[in-house]
1. With viscosity set to 1.306 mPa s and temperature to 10 °C, compute the Stokes-Einstein D of segment 6-142, Rh being the Kirkwood radius across alpha carbon pairs; µm²/s, no decimals.
2. Whole angstrom only: what separates the Cα centroid of segment 1-44 from the Cα centroid of segment 74-108?
3. Note down, for segment 1-40, the three equivalent ellipsoid semi-axes (square root of 5 times each alpha carbon gyration tensor eigenvalue), biggest first, whole angstrom.
4. Could you run the Debye sum over the Cα atoms of segment 87-147, one equal point scatterer each and no solvent, and tell me log10 of I(q)/I(0) at q = 0.15, 0.19, 0.20, 0.24 Å⁻¹, two decimals?
5. For n ≥ 4 DSSP H runs only, could you compute -39500 (n - 2.57) per run for the chain, divide by its residues and tell me the 222 nm figure to the nearest 500?
6. Between residue 48 and residue 113, what is the label-point separation in nm under the 7 Å Cα-to-beta-carbon projection?
7. For segment 21-66, what ratio Rg/Rh do Cα atoms give with a Kirkwood hydrodynamic radius?
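All of the numbers you see were taken from the coordinates with simple rules; none came from a lab. On a predicted model such as this, the values are computed, not experimentally measured, just so you know. Backbone-built Cβ (ideal geometry, glycine too); neighbour counts: all protein chains shown.
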């Protein structure tokens, strides 16, 4: 029997639309133009929030389903792909996203803030697919949530 904390997972997944809205608003404000300092900082924070959501939910799934221990943030994504939580294609995108954690958190003073980050353009779609895949996996493995 597994102990999967669906409440904590749901709370984190409920934040995904907030991230997506932030991405959409920032894209609209830029309107295809350049990126200013405030926009660059907002972009960095949205990327960081997305990374934390992916790794938090991933860790909760790994712990709850007694999957093998992750050795890194990228490994969290690899384990979830191996366990069938989401596709290898989405896993590849999410691995690229989580690789940004160190630059965003530790090397923030060296980041290029002159242009949008390439992952930012697809961040809202990527996060929506992630949330949908996790919910589908939970339903498949545990059935509907009782409440």
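1. The calculation lands on 103 µm²/s.
2. Between the Cα centres of segment 1-44 and segment 74-108 lies a distance of 16 Å.
3. Computed over segment 1-40, the values are 35, 9, 6 Å.
4. Each listed q corresponds, in turn, to -0.61, -0.81, -0.85, -1.03.
5. So the helix-based figure for the chain works out to -21000 deg cm²/dmol.
6. Placing both labels 7 Å along Cα→Cβ, they lie 1.2 nm apart.
7. Taking Rh as the inverse mean 1/r over Cα pairs, Rg/Rh reads 1.22.
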